[in-house]
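Taken together, the values in this text are just the output of simple stated rules run on the coordinates, not laboratory data. The shown structure was predicted, so the numbers you read here are calculated from the model rather than taken from an experiment. A quick note on method: Cβ atoms are made from the backbone with ideal geometry, for glycine too, and the neighbour counts reach across all protein chains shown.
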Amino acid sequence: MGQILILEEDGASFQQIKQFVEGKGHLVWHFTNTSEALAFLKQYEVGLIISAVNLGDSDVLNFLRTVKANSSMQKIPFVFYCVEPERYEKYATDASIRSARILGARKFILMPEFSANAVWEQLEDCLAETSQKRDTLGSQVKTYSLSDLS
């Protein structure tokens with residue numbers, strides 16, 4: 001069983017991810033801001049970090065930078081996701097996606113509406129540490145394998 005840290009303010013999205021991930025046998029830790037998540041990561045190990053691209057007052061790109069700069073955390077796969085990218089267009093730009101890649105994020109998932117199954121299919125790759133990369137998932141979900149972007 002792996003431990004997964006999820007950064008998400010939207011309770012409905014979090015509950016859907018949590019239910020699905022726990023159903024796959026993983027333990028989920030939930031935080032709504034980066035300072036609490038970072039404090040947790042300094043004490044405990046997780047196998048994956050999943051973060052919404054927008055957390056209100058929290059700077060998720062700075063959080064990613066901090067995680068990747070810490071020798072005990074830098075190998076944790078980090079995945080961003082954004083539901084309704086048009087609503088959060090300033091957070092889901094090509095520049096944001098490139099910045100996430102440069103800072104060390106593994107994937108950046110964009111979807112018009114939340115689908116726990118679509119998210120899980122992308123997370124399996126990170127959890128299994130496979131080298132298989134997908135550019136799309138279905139016709140509406142865009143996944144950026146960030147190591148492929150230049």
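A few notes on this one:
- Loop-located trypsin sites (Lys or Arg not before Pro) across the stretch 1-57 with a Cβ neighbour count of 11 or fewer within 10 Å are Lys42, with loop assigned by DSSP.
- For the stretch 1-107, the Kirkwood hydrodynamic radius from C-alpha pairs, put into Stokes-Einstein at 20 °C and a viscosity of 1.002 mPa s, yields a diffusion coefficient of 153 µm² per second.
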